[in-house]
Structure formats: C-alpha cells, structure tokens
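To start, the structure itself, in structure tokens.
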Amino acid sequence: MSFLEIKYLCKKKTTNEILKGINIELEKGGFLVLVGPSGCGKSTLLNAIAGLLPPSSGDIVIDGQVVTDLHPSKRDIAMVFQSYALYPNMTVEENIAFALEMRGVEKAQREVEVKKVAKTLQIEHLLKRRPSQLSGGQRQRVAMGRALVRQPRVFLFDEPLSNLDAKLRVEVRAEIKALHQNTHATIVYVTHDQIEAMTLATKIVVLKEGQVQQVGTPAEIYNRPANLFVADFMGSPAMNMLKGKVANGGISLFGGEAVKVAVPPSVTTSLPDGKDVILALRPEAITDAGLADPQARAIATIEAEVTMIEPTGSDTFVTGKLDGASFTARTRSDVQVSLGQKFPFSFNLDKAVVFDPQTTQRIV
Amino acid sequence: MSAANETVSAGSARTARYFIYAALIVLAVVYLLPLYVMLTTSLKSLDEIRGGDMLALPKDPSIAAWVKAWGEACIGVSCVGIKGYFWNSLKMVIPAVLISTLLGALNGYVLTKWRFPGHKIVFGMMLFACFIPFQAVLIPMARLLGLMGLSNSTAGLVMVHVIYGLGFTTLFFRNYYEAFPDELVKAAMIDGAGFFRIFWRILLPTSGPIIVVTIIYQFTNIWNDFLFGVSFAGGEASPMTVALNNLVSSSTGVKEYNVDMAAAIFAALPTLFVYVVAGRYFVRGLMAGAVKG
C-alpha cells in the first residue's frame, strides 16, 4: 500500500478550477517532485497536503490515515517554504526548537535534538544567531533543520531553491539529495525547474492547468513523455519536434518525400499511410556521426544547413535547418563545423517518439 | 535632471542652504517661545510678573509656584493642588493605552492573517470610527456609562478611550501586519502553534516599531483629551486637563499666573517624557515599510 495517497483532489476558487481531480500515490521513502509551469496548481496541491488550504473535494491519506480534515499540526508533516519563513525574533536554535516546544518536549531533550540536527546540517556555529545575520544558503539550511528536527512522516518542500544563486542552488540541491538518501524520508517537492525535478525525484508528476499530465520516474518522463506538453516542458534544450507524414511504412520528414526515416521502435501499432505525425527527438539523439550510438539499430543520416553553433564547453549544440524546419543537435565539442555548411547529422531513431498532432498524445 | 543640476552653482546652493537654516531657526524659536514663557513665568514671583516684561529671565528663580501647584492650589473648593488629578490621569491613560494597543494589535492580526468573509467591511467600519466627531457620541455614551454604572469614574473614561482609540490602533496594526509574511504564520501553524501562541510568540515580538507609534499616539491623545474628561468624569475623578482648566478659570482671589504655568507644565510633562524617550522610534515606526530596509 502507498504511504501517501491523493485521491480525486479538487480545488475550486469561485468558478476557477485550480485542481481538477488529482490522483497521486507515493511509496514510503519516495521523493515525489511536482513540476509544471507557474499557475499549474502545484503549490496549491502542496498547501492542500500541508493542510493550509482545504480542498473542495477528494481525500489525502498518509500512512493509511485520512488527514483531509486534520489541522496542519496534527498531520505529522514538516514544510520548508520558498522564503524559508524563519521566525525573525528567535535565534536559529529557538527556530529549530519551536516545533518541539509546541509539542511540550522537555528543554533538555530539545537541546539534544537541536544539537543533533545542527550537526547533520553543519550549522552548529550558527545556533546563537538570528535569521537576519545569516546568508541565503545558511537560512535554507536552518529551514531544513526546522523540518528535520520533528522527524515527520512527510517532508514538504515549496520551491526551496528558487531564492538562491545558481552555484548555491546546485550545492543545496546535492545536499537535499544526500539528505534523502541518508534519512530515507518521504518527500514531496514542488519546483518549476525541470532539472531539479530530474536530479532529485524518484517519481515526477508533471502538472498543467490543474491536471496531471504524466506520472513516472525521471527516465520515463524524459524518454517516453506522454504528450507534447511534457515533451516540450522537460529537458533543456527542448525536445526537437519534427512534422512528418506516414508513407509506405516509414515517416517522411521536412514536408517532402526526399527525407524519409523508418518508424521508430517506440511505436508498436501500425500507422495508416498519409497520417500526420510529429517525430520527437532529444537533442542528444541527433549528433555528429562520430558520437552516434554504435548500439543503435536505426540511425538515419540527414544533411542539413547549420544555422547556429552554441558551444557549452562539454558539448556543442548545433542548430540545423532543412526546408524551413529547425532542430537542435548535441555534438562533440571538438567537432569541425561552421555556419552555413551542409553537415551530416545522425538521427538515432531508437530514441525517437511519435506524437499525434491532433490529440497531442504519444502514439505507442 | 542633470541639466537642471548644472544650472545651480555651488555658491547659490550654499546661499539657499543658509536661507533654509535661518528659516528653520526662526520657526523653531517661534514654536519654543510659549514654552519659554511658561517656564520663566512659573519660576517668577507674582510681583515680578506684574512688573511686566514677559520675556525677561526671572531675577530670583523659585520653585514655590511648582510646590503650590502640585500640593496646595485650590481647584474648585478643595485646596490640595493638582496631584490627585495627575494620578487620575495616569490611572486613566495607562490602562486605556495598553488595552487599546493590545486590542488593536489583535484586530490587525485577525484582519490580515485570519481573514474571514467580509473582513474588508469590518475594517472599513472600524476606520469609520476614526471619523466620528467626539461631540456626536457624547449623549449616547453618557447614557451607556450610566446604564453600566460607570459614570463619573476613571474606569468609565478608560472604556470610552479604549473604544474611541480602537479605530486608530486597528488601522496602525493592520497596515503593519499586512506586510508581515503569511508564510511565517503558516510555518507556525505546521509547527503546532495555535491562534494566540502565534500572536504572542511570532507577531508581537516583531511589532516593536508599530507598538511605539501606537503608544505615543494614544498616550498623547488620551492624556490631552478634555471633552470626554469634562463630560464623563467631574469633581474628584476629573483628569488633569479638566483640573487645569478649573484651576486657571477659578475666579477667587488674585490670579496666580506662576502657579497656573507650573500646573500647565505638570500637565505637559508626561507627553514630553514619552516623546523624548520613544520619539526616535516614532519616526522610525512611521517610516517602517515605506522603504525596504
């Protein structure tokens, strides 16, 4: 049985439906990331789990107990807020101990617990300071300490890294991951950053306009996106979407008969001739010939004009253009390529997925 | 902007500055003159006052008038000075200020962090209370105090001032708490703190500046109030302002200007004291939130 279950959860604000029947399950020790563009309802969902925002209908079950109508403090959860929400009038020590104090834990016991958590997070030297005397990263750590000290059943994180600068964000992200691996805590984490979602999650839920678009492991979401929205939202640079038409058991790309590829192995049904489809490929599935996967069964080499070259150091992103359609390829950084040149791109069709442009769903 | 600056030379900027300071000094002297006259007059003897020069320094300063004003001056028929009324005023102002400030803080907390349907209307109506003229409520209030058995008592005055002050104190605290992050309240809720615990432990300790503003504002208003005092508390229960009026307007015997002045200074001392002690917080509190610090 799942540890955290969300059943048919709806939230209406006047006539505006923010959550439209959300169903999610999470096993104990799982790391669930809710990801989606702003306004998709992910923060509303997290607040509903926390008990800060009552849902209009539906149930929330933690460890077999229905908590939908319980007060936030009775749900045995802890939340880390985007703004950290540290009590400005208390020292770090008092901040961390506050929840224990509210539960009536003895002072001596509180001190022991706070010391233990401070040691895990390496903030022992900050205990006597006030939040205003801390840097962003330190505040973030104190906020985590405040959650950790309670040893709750579920941790909730509301975009905890979005107030940090880029370098610190990567560091703290790694710390959260390590924390999860060491404590086996059950975590629900909200973010709009798809890289955070990919790196942290054991399970990702992609939300859009209050509806679940896809639930899956990071690999499933990345390699087998359920629809065009998920394909476009996850991954940077974005997935290449190439318009094509089914013809004689293959797919003609770039609006003509000239370039034709086999139907990728991800499609198991047979497609009728003349059907419009969208062939989607990650940038890393389009490479220079030297980087092409030798294990791949279906590789198509297509020559296209180079319109942009973006070196990132580790690889170079090359934009190719053919008959008005552009795509981004990820090539080796030392590949010889120049603007305007005709360059042979290797399309790894093993990795390709096909979408129906009418329904926007993936064709399997 | 920069073009305008270039047309102002350093010399003319300095001249303008001298002019501004000169004007400020003149205005300050004008404002301080009454205080100077009060102080010097209170230290003079009656003969010297009758001698004429109001602005002259006292030739032979004496605090006799102060002693008399405090303990011997006749107010109405009893000649025991103003000290009893001074205490009356303190007994009125301290509870009234504390209760109205506390209730205002509580109102502000509820109106911003525990919003209920119609909270805007409730706040609007409380604001409306700020604009009701004192005279309009005198008779209904007198009737109410009579029904409650509080007429002619300090407790009644405390109640009147608390009710009248609530509009202002609520306004101050609501606007201050409006800027207070909701996430802190949510975090405290998850941590297990209840309604009052969040108020006492999280909000009140961070409300220093606005508490000072409210206390100064309420203290000054309530201490200086005359109309409610004279309407609802006569005789022995009169506050300082009413007693001062009775002292000055007593028409028996000679007019003792030095005693009047000393009594007036006694009446002004507590508000002066509050401003001197907490004045810098007052300005800071008024500015809080205006500029992100």
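Nothing in this text is a laboratory measurement; each read-out follows from the coordinates by a stated rule. All figures in this text were calculated on a predicted structure; none of them were measured in a lab. No Cβ is skipped: glycine too gets one built from the backbone with ideal geometry, and neighbour counts run over all protein chains shown.
Amide H of residue A:247 versus every other amide H placed in the peptide plane: which residues, excluding those fewer than 5 positions away on the same chain, fall under 5 Å?
Answer set, sorted by chain and number: A:252, A:274.
Count neighbours as other Cβ atoms within 10 Å of each site's Cβ, and list the trypsin sites (Lys or Arg not before Pro) in segment A:1-74 that are DSSP loop with at most 15 such neighbours.
Answer by residue number: A:28.
Just flag the chymotrypsin sites (Phe, Trp or Tyr not before Pro) in segment B:49-135 sitting in loop per DSSP whose Cβ has no more than 10 other Cβ atoms within 10 Å.
Passing sites in segment B:49-135 are B:131.
Please tell me the relative contact order of chain A in percent, rounded to the nearest whole number, where contacts are Cα pairs under 8 Å and at least six residues apart.
15 percent
Identify which of B:222, B:163, B:139 has the largest mean-square fluctuation in a Gaussian network model of chain B, with springs joining Cα atoms closer than 10 Å.
B:139
Among B:75, B:49, B:20, which one shows the biggest mean-square fluctuation in a GNM of chain B, springs joining Cα atoms closer than 10 Å?
In the Gaussian network model the winner is B:20.
With only alpha-carbon atoms counted, please give the Rg and Dmax of the protein assembly as shown, in Å.
Calculated on Cα positions, Rg and Dmax stand at 37.6, 125 Å.
With just the Cα atoms defining each centre, how far is segment A:157-175 from segment B:72-125? Give it in Å.
Cα centres, segment A:157-175 to segment B:72-125: 49 Å.
Pairs of alpha-carbon atoms within less than 8 angstrom and 6+ residues apart define the contacts here; what relative contact order does segment B:2-62 have, in percent?
Relative contact order for segment B:2-62 comes out at 26 percent.
Per-residue HN-Hα couplings for segment B:133-147, Karplus 6.51 cos²θ - 1.76 cosθ + 1.60 at θ = phi - 60°, whole Hz, x for Gly and Pro?
Per residue, the Karplus-derived 3J(HN,Hα) values read x, 3, 4, 5, 9, 4, 6, x, 5, 4, 5, 4, 4, x, 4 Hz.
What length, rounded to one decimal in nm, is gained on full extension from residue B:226 through to residue B:16, with 0.36 nm per residue of separation minus their alpha-carbon distance?
71.3 nm
Enumerate cysteines in chain B without a disulfide-compatible partner, where compatibility requires another Cys Cβ under 4.7 angstrom.
For chain B, the answer is B:130, because their Cβ atoms have no other cysteine Cβ under 4.7 Å.
Could you check which residue among A:182, A:47, A:163 shows the biggest mean-square fluctuation in a GNM of chain A with a 10 Å Cα cutoff?
It is A:182.
I need the phi-derived Karplus couplings for segment B:205-214: 6.51 cos²θ - 1.76 cosθ + 1.60, θ = phi - 60°, integer Hz, Gly and Pro marked x.
Coupling constants for segment B:205-214: x, 9, 9, x, x, 6, 5, 4, 4, 5 Hz.
Mind jotting down the distance between the C-alpha centroids of segment A:308-330 and segment B:178-218, whole Å?
Their Cα centres are 55 Å away from one another.
Under the Karplus relation 6.51 cos²θ - 1.76 cosθ + 1.60, θ = phi - 60°, what is the ordered set of whole-Hz ³J(HN,Hα) values for segment A:55-71, x standing for Gly and Pro?
x, 6, 7, x, 10, 10, 10, 10, 6, x, 9, 6, 10, 3, 9, 7, 5
Over 30 Å apart: what share of the alpha carbon pairs of segment A:4-233 falls there, rounded to a whole percent?
When all Cα pairs of segment A:4-233 are counted, 24 percent exceed 30 Å.
DSSP loop (so not H, G, I, E, B), at most 15 other Cβ within 10 Å: list which GluC sites (Glu not before Pro) in segment A:1-71 pass both filters.
Taking segment A:1-71 and a limit of 15 other Cβ atoms within 10 Å, the loop GluC sites (Glu not before Pro) found are A:27.
Pairs of alpha-carbon atoms within less than 8 angstrom and 6+ residues apart define the contacts here; what relative contact order does segment B:82-170 have, in percent?
Here the relative contact order equals 58 percent.
In the neighborhood of residue B:247, defined by Cβ-to-Cβ distances under 10 Å, what is the net charge if each Lys or Arg adds +1 and each Asp or Glu adds -1?
Cβ neighbours under 10 Å give a net charge of -2.
As I understand it, the value is the acute angle between the Cα axis of helix A:166-183 and the longest principal axis of the Cα atoms of chain A; what does it come to in degrees, rounded to 10?
Taking the Cα atoms of chain A, the angle to A:166-183 is about 70 degrees.
Could you tell me what percent of the DSSP beta bridges with both partners in the protein assembly as shown are antiparallel, to the nearest 5?
Antiparallel bridges make up about 75 percent of those DSSP assigns within the protein assembly as shown.
Over all distinct Cα pairs, what is the inverse of the mean 1/r for segment A:1-103, reported as the Kirkwood hydrodynamic radius in Å?
15.2 Å
Specify the angular offset, from 0 to 90 degrees and rounded to the nearest 10, of the alpha carbon long axis of helix A:107-121 from the longest principal axis of the alpha carbons in chain A.
Approximately 20 degrees, to the nearest ten.
In the neighborhood of residue A:56, defined by Cβ-to-Cβ distances under 10 Å, what is the net charge if each Lys or Arg adds +1 and each Asp or Glu adds -1?
That works out to +2.
On a 0 to 90 degree scale, rounded to 10, what angle separates helix A:136-148 from the longest Cα axis of chain A?
The angle comes out near 70 degrees.
Would you calculate the volume per residue, in Å³, of the smallest convex hull containing every Cα atom of segment B:71-223?
Convex hull volume per residue, Cα atoms: 144 Å³.
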